[in-house]
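The values are calculated or read from the model by the stated rules, or taken from the named source; none is laboratory data. What you are looking at is a predicted structure, and each value in this text was computed from that prediction instead of being measured. Backbone-built Cβ (ideal geometry, glycine too); neighbour counts: all protein chains shown. Only protein heavy atoms, including side chains, enter the accessible area calculation; ligands, DNA and RNA are left aside. Shrake-Rupley method; radii C 1.70, N 1.55, O 1.52, S 1.80 Å.
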Amino acid sequence: MPQLAVGGYTAQISPRGAALRTLRHGERDLITSWPAAGPVPYFAGTILAPWPNRVGGARYPFGGRTHELAVSEPERGHALHGLVSGVDWQVEEEQDALVRLAHTITPTAGYPFTLALRVLHRLDEHGLTTTVTARNEGDAAAPYGCGPHPWLLGDDLELPAAKVLVTDEGLLPRSLDDVSGSPYDFRRARPLDGDVIDHAFTGLAAGQARVGGVRMTWDPAVLPWVQVCTSGQLGYEGVAVEPMTCPPDAFNSGTDVVVLEPGGEHAASWTISAA
């Protein structure tokens with residue numbers, strides 16, 4: 001399993017899901033890790049593509065037809081977090097400061113498209129930066145979205161987001177509300193105190209979030225949404241902070257879906273560091 005060490009940071013990258021398995025600054029863990037032999041709990045550290053979050057009912061319209069995906073969230077009947085978080089990626093390059101991994105999505109039930117994915121994990125004195133690049137290798141346009149799923153270690157949250165996506169009992173979008181006066185206003189840092197959150201946020205004043213002494217940054221023009229999930233209801237440690245290109249059920253709503261034309265490419269990056 002590739003190991004990185006630069007500028008007081010250390011990281012371990014798993015080929016399973018191209019996942020960030022560990023990230024430490026000095027003697028401090030910045031993310032929740034998992035055993036090297038697996039399994040990977042709650043998508044921890046994995047790459048989510050060709051969609052993040054959920055496709056409601058595991059079906060969506062695109063290109064004049066309805067596509068039916070495999071149900072991967074059986075308790076709700078949805079397709080969750082894409083197609084690549086549970087597969088073994090190929091390690092193409094490994095150095096002290098970086099790891100490159102590759103995986104090609106080939107046509108499958110509900111996603112009849114071919115995408116070449118590349119992930120670069122690069123460590124420096126400012127933290128770990130991950131870049132995901134997708135290229136459409138097929139002959140038809142393909143819907144696409146991506147994001148990461150790290151669990152940051154800390155018990156308070158700061159998130160400069162003005163809007164929260166309120167969901168129904170199946171965690172599908174119902175309304176986009178202002179956070180002012182709601183339990184979802186984290187524009188000033190505050191303790192979570194057992195708050196149960198599993199919501200997407202947008203209207204970002206900046207592409208950043210802080211959980212305790214851990215900071216995550218990204219370009220909000222590329223990743224205008226961020227899902228936040230607290231772990232108390234799961235019996236897991238940490239807070240999932242998931243910058244996303246599109247919101248939950250975007251393949252049905254069309255909101256911020258990236259349409260990759262044949263030969264088209266898309267890249268998204270984010271950085272996790274000690275605050």
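Please go through (1) modelled with pLDDT of 95 or more; (2) within 20 Å of the chain's Cα centre (by Cα); (3) under 20 Å from Ile105 (Cβ atoms) for Ile31 and return the number of the only condition it doesn't satisfy.
Ile31 satisfies all of (1) modelled with pLDDT of 95 or more; (2) within 20 Å of the chain's Cα centre (by Cα); (3) under 20 Å from Ile105 (Cβ atoms) except (3).
Which of the residues that make up the range 215-240 are of a type in the set (Phe, Trp, Tyr) and in a loop (DSSP other than H, G, I, E, B)? Before the answer, list the steps.
First, pick out the residues of the range 215-240 that are of a type in the set (Phe, Trp, Tyr): 218, 225, 236.
The one that is of a type in the set (Phe, Trp, Tyr) and in a loop (DSSP other than H, G, I, E, B): Tyr236.
In the range 126-142, is there at least one residue being more than 30 Å from Pro262 (Cβ to Cβ), within 17 Å of the chain's Cα centre (by Cα) and either of a type outside the set (S, T, N, Q) or surrounded by 21 or more Cβ atoms within 10 Å (Cβ to Cβ) (or both)? Write out each step before concluding.
Applying the first criterion (more than 30 Å from Pro262 (Cβ to Cβ)) to the range 126-142 yields 126-128.
Add one more test, that the residue is within 17 Å of the chain's Cα centre (by Cα), and what stays is 128.
Imposing the further condition that a residue be either of a type outside the set (S, T, N, Q) or surrounded by 21 or more Cβ atoms within 10 Å (Cβ to Cβ) (or both) reduces the set to 128.
Checking the range 126-142: at least one residue is more than 30 Å from Pro262 (Cβ to Cβ), within 17 Å of the chain's Cα centre (by Cα) and either of a type outside the set (S, T, N, Q) or surrounded by 21 or more Cβ atoms within 10 Å (Cβ to Cβ) (or both).
Look through Asp185, Asp193 and report the one residue that is modelled with pLDDT of 95 or more, open to solvent by 30 Å² or more (accessible area, probe 1.4 Å), out of contact with any Phe, Trp or Tyr (no Cβ under 9 Å at 6 or more places or on another chain) and among the charged types (D, E, K, R). Lay out the reasoning, then the answer.
Values: Asp193 fails: modelled with pLDDT of 95 or more.
Just a single option satisfies the conditions, and that option is Asp185.
Somewhere in the range 23-44, is a residue assigned to a loop (DSSP other than H, G, I, E, B), open to solvent by less than 10 Å² (accessible area, probe 1.4 Å) and among the small types (Gly, Ala, Ser)?
Yes; the residues of the range 23-44 include at least one that is assigned to a loop (DSSP other than H, G, I, E, B), open to solvent by less than 10 Å² (accessible area, probe 1.4 Å) and among the small types (Gly, Ala, Ser).
If I ask for residues that are aliphatic (A, V, I, L, M), outside any strand (DSSP E or B) and open to solvent by 40 Å² or more (accessible area, probe 1.4 Å), which ones from the range 1-22 would you list? Full working, then the answer.
Quick first cut of the range 1-22, residues aliphatic (A, V, I, L, M) only: 1, 4-6, 11, 13, 18-20.
Still in the list and also outside any strand (DSSP E or B): 1, 18.
Correct list: Met1 only.
Would you check which residues across the range 148-183 are within 23 Å of His81 (Cβ to Cβ) and of a type in the set (A, V, I, L, M, F, W, C) and list them?
Trp151, Leu152, Leu153, Leu157, Leu159, Ala161, Val164, Leu165, Val166, Leu171, Leu172, Leu176
Residue under question is Ala161, and the condition is that it be within 21 Å of the chain's Cα centre (by Cα) and in contact (Cβ under 8 Å) with a residue 60 or more places away in the chain; does it hold?
Numbers: within 21 Å of the chain's Cα centre (by Cα): yes; in contact (Cβ under 8 Å) with a residue 60 or more places away in the chain: yes.
The answer is yes for Ala161.
Could you check the range 101-125 and list, in sequence order, the residues that are over 24 Å from Pro39 (Cα atoms), open to solvent by less than 40 Å² (accessible area, probe 1.4 Å) and in contact (Cβ under 8 Å) with a residue 60 or more places away in the chain?
Passing the criteria: Tyr111, Phe113, Leu115, Leu123.
Look at Arg174 and say whether it is exposed (fewer than 15 other Cβ atoms within 10 Å of the Cβ), closer than 23 Å to Ala58 by Cα and among the basic types (Lys, Arg). Quick ask: steps written out before the conclusion?
On the way: exposed (fewer than 15 other Cβ atoms within 10 Å of the Cβ): yes; closer than 23 Å to Ala58 by Cα: yes; among the basic types (Lys, Arg): yes.
Answer is yes for this residue.
Answer with yes or no whether Glu265 is open to solvent by 40 Å² or more (accessible area, probe 1.4 Å) and within 19 Å of Pro52 (Cα to Cα).
The answer is yes for Glu265.
In this structure, does Pro262 turn out to be in a loop (DSSP other than H, G, I, E, B) and more than 17 Å from the chain's Cα centre (by Cα)?
Values: in a loop (DSSP other than H, G, I, E, B): yes; more than 17 Å from the chain's Cα centre (by Cα): yes.
For Pro262, the condition - in a loop (DSSP other than H, G, I, E, B) and more than 17 Å from the chain's Cα centre (by Cα) - is met.
If you go through the range 100-111 one residue at a time, do you hit one that is more than 22 Å from Val258 (Cβ to Cβ), modelled with pLDDT of 95 or more, of a type outside the set (Asp, Glu) and touching a Lys or Arg at 6+ places or on another chain (Cβ under 6 Å)?
no
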